There are 2 protein chains.
Amino acid sequence: MNFQFYSPTKIFFGKGEENNAGKIISEYGYKKILLHYGKNSIKASGLYDKVVKSLKDNNIDFVELGGVEANPKISLVREGVKLCKAENVEMVLSVGGGSVIDSGKAIACGTKVDFDPWQFSMGAEKPEEALPVGVILTISAAGSEMSPSCVISNPETKVKNGFTSDLVRPRFAIENPELTYSVSKFQTACGVVDIMMHTLERYLSDETDLDLTAEFCEGLLRNVIKYGKIAVDDPTNYKARSELMISAGFSHNNMMEMGSKHYFTVHKLEHQLSGLYDEVAHGAGLSVLFFGWAKYVYKSLPEKFASLARNVMGVDEPDDLKAAEAGLDRLKEYFVSLGMPVTLKELRVGEINIEEIADRITKSDTAKVIGFVPLDKKAVFEIYKSVE
Amino acid sequence: MNFQFYSPTKIFFGKGEENNAGKIISEYGYKKILLHYGKNSIKASGLYDKVVKSLKDNNIDFVELGGVEANPKISLVREGVKLCKAENVEMVLSVGGGSVIDSGKAIACGTKVDFDPWQFSMGAEKPEEALPVGVILTISAAGSEMSPSCVISNPETKVKNGFTSDLVRPRFAIENPELTYSVSKFQTACGVVDIMMHTLERYLSDETDLDLTAEFCEGLLRNVIKYGKIAVDDPTNYKARSELMISAGFSHNNMMEMGSKHYFTVHKLEHQLSGLYDEVAHGAGLSVLFFGWAKYVYKSLPEKFASLARNVMGVDEPDDLKAAEAGLDRLKEYFVSLGMPVTLKELRVGEINIEEIADRITKSDTAKVIGFVPLDKKAVFEIYKSVE
């Protein structure tokens, strides 16, 4: 299978690197930026002040837009676009995690067009130009800091959709593991699941041509499993936070899919869940649905699930099917040990309308549940039912 | 340890991709290029005609400069610079292996300055601008297709020196494994050693902070060991050629050094050997000197050499020192199985003046033999003697 690999994001990794933000931006030659962030946590932690000082020290002019929520909303994106157009902003600096980065990416594309940026998320338009995006990362999870993807939610239609474009791959990402010390145990665990899922959704495929890619996937998964638990138990462990932070980007920069077909089935199963139930954390939703999906499909791909079991989960069992089952059991135990939910009930969002979710997933043009086992509405319903 | 990671090269991988060269270049917007290559092999194989057709089909104007030799010479670089300046060339397309790519990189830098490009290799000047470089790869070895480094030889002074700059990282690399089918068994084996050495010189270090990097290194090494032997035995094995080709770039794009100190001691030991004895293939020189160096230093870093033995060479031995020794023995057997030399004698270049080499290595300012065990002239002499 022919493929392309492209991962131009420059990573500045380590303690104190956030203080170089202004210097880095001025080396790129940008003079006016949008400082984009979420709730007040970056103000409470002192990060906001450090970034502002660094921008001022380097004569970078900026306007700011905070308030990005989990499952970032198109309404705030529209506000950002208006601001960037009015203020002739030259680049977007997202300070935060996946939601803030994705919101910044959507703003970067929207600023260059006259139509509603929601058109990008709906797949009706493709970006042909975008403001450059830079990142100061505060959560190890989504991998958006190196990825070409961008997922935005529309609360009016309760739709959550993604688009991908090389134009939104961040120019640079500043990654200081200490900035993630304050991430809660729950959010850290959600991040671990998200990072693993970005690799698992590429690794567990019916077409994987390159063993090098499999080696990279398995190595990354082993490492995230090891250090994910340590980070959850010991939030200020620099080494564990470092391993998670660098893994997040590499899990989603397309290296893990070289020479392979990927479907992102579990992500597609999950997007409508957290789209409809805003309280559902993406990682928690993935944790539940992965096992529903895996149980439904592993018999169609026993060798790959067996490799996962043997090379990542330490299962020693010659029979592929038995190994696959044991591997999934161990993985579930691991997620549980992180405090992650593995049933819908544990998400604690009350009654979940599985019928409606299955309907939305299989009706939406941009969220077809393809995969090496294509799923129809009945299959999606069954998967959801199996993890009720 | 803080670090940066940057690898912007876009890879176009797979069968027939060379026919897209013109289209790719025109999408970057370049209209006039230097077509740079080595001896007649690309004409004999038909690759030259395909590339020229693709350029013409896309209205890309070009001038050409062939004749790059192994250990690429500064004289040809000077010629290329003259040509690019006279013809207002906008980018350099290197069609070949490491030598052609490095020669192209040096030309790309030289075209932007008024002084002799040898100044870059001597470390007297640093590039501040360069023509963009693109690659069509025909040998899996040097990894120059994704790397910032460039090694040039000066036959007058018998000096071979390298410089690194992000400016010479190729914009794109077209990699069709079939183009390497015609690489001889010997050159394929030299490539395998070169690829492995780029990772080993980063992996075998006294400061390696990230386990993720170690996982990537070990995975790549296992894979190259496996498919290197297959490619040597079965030159038209597409899978084996694919694994080697993609590994070559990732071995040298700086991913294998994230969070670690690297010295490139073996490369520094070797450069003066192939600098003085032009007939010595770089990979063959590395194969010999690696074992001299490893025997000299492994006791200072037993854990790392033991990890190599256990995680890459399959050694099952609890004692670190014993494991390290067994691992080196297995690695030597592997190199021998590829037909690689492991003594200077096997290089068949007659009497080698070890005294002179040791002198040059330890006197040259740009080739100091640093490492976790710094080497003085006596040490270099001993290492060379130990592999006589």
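The values are calculated or read from the model by the stated rules, or taken from the named source; none is laboratory data. These numbers were taken from a predicted model, which means no experiment stands behind them. Virtual Cβ from ideal backbone geometry, glycine too; neighbours counted across all protein chains shown. Just the protein is used for accessible areas: all its heavy atoms, side chains included, with ligands, DNA and RNA removed. Shrake-Rupley method; radii C 1.70, N 1.55, O 1.52, S 1.80 Å.
Suppose we filter B:LEU200, B:LEU167, B:LEU179 for residues that are closer than 17 Å to B:MET146 by Cα and either of a type outside the set (Val, Ile, Thr) or not in a helix (DSSP H, G or I) (or both); which single one remains? Outline the logic, then answer.
Values: B:LEU200 fails: closer than 17 Å to B:MET146 by Cα; B:LEU179 fails: closer than 17 Å to B:MET146 by Cα.
The conditions single out B:LEU167.
Of everything in the range A:162-219 that's closer than 24 Å to A:PRO132 by Cβ and of a type in the set (Phe, Trp, Tyr), which residue is modelled with the lowest pLDDT?
By that ranking, first place goes to A:PHE163.
For the range B:103-146: of the residues being polar (S, T, N, Q) and in a loop (DSSP other than H, G, I, E, B), which is surrounded by the fewest Cβ atoms within 10 Å (Cβ to Cβ)?
In the first step, residues of the range B:103-146 are kept if they are polar (S, T, N, Q); the result is B:103, B:111, B:119, B:121, B:138, B:140, B:144.
Filter again for in a loop (DSSP other than H, G, I, E, B), leaving B:111, B:138, B:140, B:144.
Details: B:THR111: 22, B:THR138: 24, B:SER140: 35, B:SER144: 31.
Here the answer is B:THR111.
From the set of residues in the range B:4-19 that are part of a helix (DSSP H, G or I) and either more than 10 Å from chain A (Cβ to nearest Cβ) or of a type in the set (A, V, I, L, M, F, W, C) (or both), which is nearest to B:LYS239 (Cα to Cα)? Spell out the reasoning first.
If we filter the range B:4-19 for residues that are part of a helix (DSSP H, G or I), which is where we start, we get B:17-19.
Filter once more, so that each one left must be either more than 10 Å from chain A (Cβ to nearest Cβ) or of a type in the set (A, V, I, L, M, F, W, C) (or both): B:18-19.
On the way: B:GLU18: 18, B:ASN19: 21 Å.
Only one residue fits best here, namely B:GLU18.
Go through (1) open to solvent by 60 Å² or more (accessible area, probe 1.4 Å); (2) more than 19 Å from A:GLU279 (Cα to Cα); (3) part of a loop (DSSP other than H, G, I, E, B) one by one and return the number of the condition A:GLU351 breaks.
Unmet condition: (2).
Mind listing whichever residues of the range A:4-37 are within 22 Å of the chain's Cα centre (by Cα) and aromatic (Phe, Trp, Tyr)?
Once the filter is applied, which keeps residues that are within 22 Å of the chain's Cα centre (by Cα) and aromatic (Phe, Trp, Tyr), the range A:4-37 yields A:PHE5, A:TYR6, A:PHE12, A:PHE13, A:TYR37.
In the range A:222-250, which residues are of a type in the set (Ser, Thr, Tyr) and at the interface with chain B (Cβ under 10 Å from one of its Cβ atoms)?
Going through the range A:222-250, the residues of a type in the set (Ser, Thr, Tyr) turn out to be A:227, A:236, A:238, A:242, A:247.
Of everything in the range A:222-250, those that are of a type in the set (Ser, Thr, Tyr) and at the interface with chain B (Cβ under 10 Å from one of its Cβ atoms) turn out to be A:TYR227, A:TYR238, A:SER242, A:SER247.
Would you point out the residue of the range B:203-221, among those that are more than 9 Å from chain A (Cβ to nearest Cβ) and open to solvent by 10 Å² or more (accessible area, probe 1.4 Å), that is farthest from A:ALA240 (Cα to Cα)?
Within the range B:203-221, the match that is farthest from A:ALA240 (Cα to Cα) is B:ASP206.
Say we look at the range A:230-248 and pick out the residues that are among the charged types (D, E, K, R) and under 19 Å from the mean Cα position of the chain (by Cα); which of these is farthest from B:ILE246 (Cα to Cα)?
Step by step, filter the range A:230-248, then rank; the result is A:ARG241.
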